[in-house]
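Worksheet: one structure, shown below.
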Amino acid sequence: MHPSRDESAQLYDRHFTEMMRQTGAALRACGYDALLLHSGTAPTLFQDDQTYPFRAQAAFKLWVPLVDAPDCFLYLEPGAPAVLVFHQPPGFWNKAADPPEEDWTSHFELRLAGDRAAARRALPASLARTAFIGEPFPELSGFGLAAINPARLIARLHFARARKTPWQIECLRRGSRGAAHAHLAAAHAFRSGGSEFAIELAFLAACGLREQELPYNPIVALNENGAALHYQMLARTPPAGHHSLLIDAGTEFSGLATDVTRTHCARDPDFTALIAAMDTLQQRLCTHVRPGLDWRALHLLAHRLIAELLRDAGIIRSHSEEALESGLSTVFFPHGVGHLLGLQVHDVGGTMLSPEGGEIERPPGHPHLRLTRVLEEEWVVTVEPGIYFIDELLAAARNPPFGRHINWSRVEALRRFGGIRIEDDLVVTRTGHENLTRDAFRAAAAPALSAWPAGRGSPEAAIPTSSAEELVSRGARAASSGD
Ligand code: GLY
Ligand code: MN
Ligand code: MN
């Protein structure tokens with residue numbers, strides 16, 4: 001059951017209280033009294049009057065689900081009223097956003113400001129014991145701040161971000177439902193013969209988000225394009241044949257990111273079996289997710305299991321331990337098994353040793369692992385094993401010591417499928433984990449949703465399926481007629 005609107009407000013109340021407690025402790029440890037956060041601005045293109053899409057910075061959206069409001073400030077001082085200075089520029093070229101009115105605003109004194117000078121006047125007269133976090137802007141030097149982006153304070157806040165509050169976890173549940181719904185629509189567009197672009201349109205329509213509202217640009221890769229780990233080309237025309245789709249795409253709900261990958265095969269039984277084997281492997285890895293798990297051990301276990309899978313599939317000839325020791329498994333699985341997830345898709349602090357900083361080293365030979373810490377309750381992680389047929393890595397592997405351990409005719413036959421990745425988002429619970437992604441896929445068929453405010457990125461925000469399908473087929477027609 002999802003919480004009711006009242007319960008959601010209570011979850012936010014607890015979130016606010018906990019963030020104030022954590023921030024107060026971090027401020028005290030670093031010798032400040034208050035924190036000033038800026039939401040950010042949309043940068044302007046070179047010699048142009050156009051801007052890049054606005055993205056609220058993570059330290060700001062940690063506090064408020066306000067993701068599309070540039071130039072806003074939060075003033076946070078433990079024991080004093082929290083202040084939200086909401087930017088409402090005058091002028092007739094744009095429509096200024098209405099000040100937020102949702103339940104969470106009861107925690108803030110709301111002040112409106114038309115420009116930065118007005119914003120400064122809306123803040124306390126002295127900021128001499130206030131630290132600022134955000135992208136600096138020219139007027140900031142006149143604000144009289146104690147510090148701008150102090151590294152020690154940021155380290156403490158980043159370290160703490162691994163643990164999510166129940167409100168954040170509920171937002172992730174909601175976002176996961178949107179992601180599952182959108183992945184099903186994307187799979188349907190693939191099976192209907194859509195281009196990469198049409199498949200992405202189907203995803204966007206189904207979760208009701210524009211691309212700039214997603215936590216990262218979707219990876220929508222047909223056939224051999226699945227071998228590019230962060231593929232971004234979005235071909236407008238469908239390929240001659242649809243062999244496979246690797247789609248890595250997440251939603252954002254109230255500032256919290258989901259990160260989900262599925263791989264589909266059109267009809268080849270051999271590659272379909274390989275996807276099923278990877279799915280089983282991924283589920284086996286998930287069973288290990290619980291408090292106390294050293295993430296480096298899970299990464300190395302993923303390599304052992306992937307080496308077994310590759311051997312069983314006739315792709316390599318080495319034994320599992322040998323393939324791990326020699327580095328052969330990294331030819332096919334070059335990225336990390338997962339990472340922290342939250343306000344950023346690759347959330348901060350994944351390799352931090354302590355709130356003071358320091359680094360927990362990655363295992364030698366695994367430079368791309370983004371998480372090296374030991375899991376604790378209420379952290380959110382992705383589990384995302386994969387195998388890929390990457391030209392660059394395969395070309396290098398033809399030489400000793402790997403060349404004779406690889407079945408090259410098998411690799412040649414599989415290249416056209418690109419790769420496989422299966423990625424779920426998991427909350428670490430007291431005794432194990434909750435798999436947000438699998439739960440959401442299971443629930444995707446169930447229509448009833450609760451009174452929790454229908455945020456962008458949830459299934460309720462979607463364009464109804466029939467018009468979404470019409471959009472997709474229009475996109476496909478436009479692509480094929482060269483419009
Ligand atoms: N979507 C990027 C990743 O899976 O890490
Ligand atoms: Mn990921
Ligand atoms: Mn991903």
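Residues in segment 18-41 that are part of a loop (DSSP other than H, G, I, E, B), under 15 Å from residue 131 (Cβ atoms) and not acidic (Asp, Glu): 2 in all. Residues in segment 354-394 that are in contact with a strand residue (DSSP E or B) (Cβ under 9 Å, 6 or more places away or on another chain), surrounded by fewer than 20 Cβ atoms within 10 Å (Cβ to Cβ), acidic (Asp, Glu) and on the phi < 0 side of the Ramachandran plot: 359, 376, 377. Taken across segment 248-269, residues that are surrounded by fewer than 24 Cβ atoms within 10 Å (Cβ to Cβ), free of Cβ contacts under 8 Å to residues at least 60 places away in the same chain, in a helix (DSSP H, G or I) and not basic (Lys, Arg) do occur, with at least one present. Picking from residues in segment 152-205 that are among the polar types (S, T, N, Q) and out of contact with any Lys or Arg (no Cβ under 8 Å at 6 or more places or on another chain), the one that is farthest from residue 240 (Cα to Cα) is 168.
Of all residues in segment 81-96, those satisfying the criterion of being in a loop (DSSP other than H, G, I, E, B) and either at negative phi or modelled with pLDDT of 95 or more (or both) are 81, 88, 89, 90, 92, 93, 94, 95, 96. Condition first: at pLDDT 95 or above, of a type outside the set (Lys, Arg) and under 25 Å from residue 163 (Cβ atoms). Can you find one or more residues in segment 398-414 that meet it? There is no residue in segment 398-414 that is at pLDDT 95 or above, of a type outside the set (Lys, Arg) and under 25 Å from residue 163 (Cβ atoms).
Candidates 210, 177: the one that is of a type outside the set (A, V, I, L, M) and surrounded by 23 or more Cβ atoms within 10 Å (Cβ to Cβ) is 177.
Looking at 356, 361, 384, 377, can you tell me which residue is free of Cβ contacts under 8 Å to residues at least 60 places away in the same chain and not polar (S, T, N, Q)? Write out each step before concluding.
Working: 356 fails: free of Cβ contacts under 8 Å to residues at least 60 places away in the same chain; 384 fails: free of Cβ contacts under 8 Å to residues at least 60 places away in the same chain; 377 fails: free of Cβ contacts under 8 Å to residues at least 60 places away in the same chain.
Result of the check over 356, 361, 384, 377: 361.
Look through 440, 446, 395 and report the one residue that is out of contact with any helix residue (DSSP H, G or I) (no Cβ under 6 Å at 6 or more places or on another chain) and modelled with pLDDT of 95 or more.
On the way: 440 fails: out of contact with any helix residue (DSSP H, G or I) (no Cβ under 6 Å at 6 or more places or on another chain); 446 fails: modelled with pLDDT of 95 or more.
Selected residue: 395, the only one of 440, 446, 395 that is out of contact with any helix residue (DSSP H, G or I) (no Cβ under 6 Å at 6 or more places or on another chain) and modelled with pLDDT of 95 or more.
Scanning segment 221-246 for residues being away from ligand 2 (no atom under 16 Å from the Cβ) and part of a loop (DSSP other than H, G, I, E, B) gives a total of 11. No other residue among 78, 65, 53 is surrounded by fewer than 17 Cβ atoms within 10 Å (Cβ to Cβ), touching a Gly at 6+ places or on another chain (Cβ under 9 Å) and in a loop (DSSP other than H, G, I, E, B) apart from 78. Could you tell me how many of the residues in segment 320-334 are within 16 Å of ligand 3 (Cβ to nearest atom) and either of a type in the set (Val, Ile, Thr) or surrounded by fewer than 20 Cβ atoms within 10 Å (Cβ to Cβ) (or both)? Here the count works out to 1. Can you name every residue in segment 181-220 that is closer than 14 Å to residue 236 by Cα and either part of a helix (DSSP H, G or I) or touching a Gly at 6+ places or on another chain (Cβ under 6 Å) (or both)? Across segment 181-220, the qualifying residues are 189, 190, 196, 197, 198, 199, 200, 201, 202.
Give 179, 162 a once-over and let me know the one that is more than 27 Å from residue 388 (Cβ to Cβ), within 16 Å of ligand 2 (Cβ to nearest atom), modelled with pLDDT of 95 or more and within 15 Å of the chain's Cα centre (by Cα). Can you show your working first?
On the way: 179 fails: more than 27 Å from residue 388 (Cβ to Cβ).
Answer to the selection: 162.
Return the residue satisfying two criteria in turn: it lies in segment 250-280 and is small (Gly, Ala, Ser) and within 15 Å of ligand 1 (Cβ to nearest atom), and of such residues it is farthest from the chain's Cα centre (by Cα). Even if it seems obvious, please write down each step before you answer.
First, the residues of segment 250-280 that are small (Gly, Ala, Ser): 250, 254-255, 257, 266, 273, 276-277.
Cutting the leftovers down to within 15 Å of ligand 1 (Cβ to nearest atom) gives us 250, 257.
Working: 250: 6, 257: 4 Å.
Across segment 250-280, the extreme among qualifying residues is 250.
The values are calculated or read from the model by the stated rules, or taken from the named source; none is laboratory data. Fair warning: this is a prediction, and the values are worked out from it, not measured in the lab. So basically every Cβ, Gly included, is an ideal-geometry build from the backbone, and we count neighbours across all protein chains shown.
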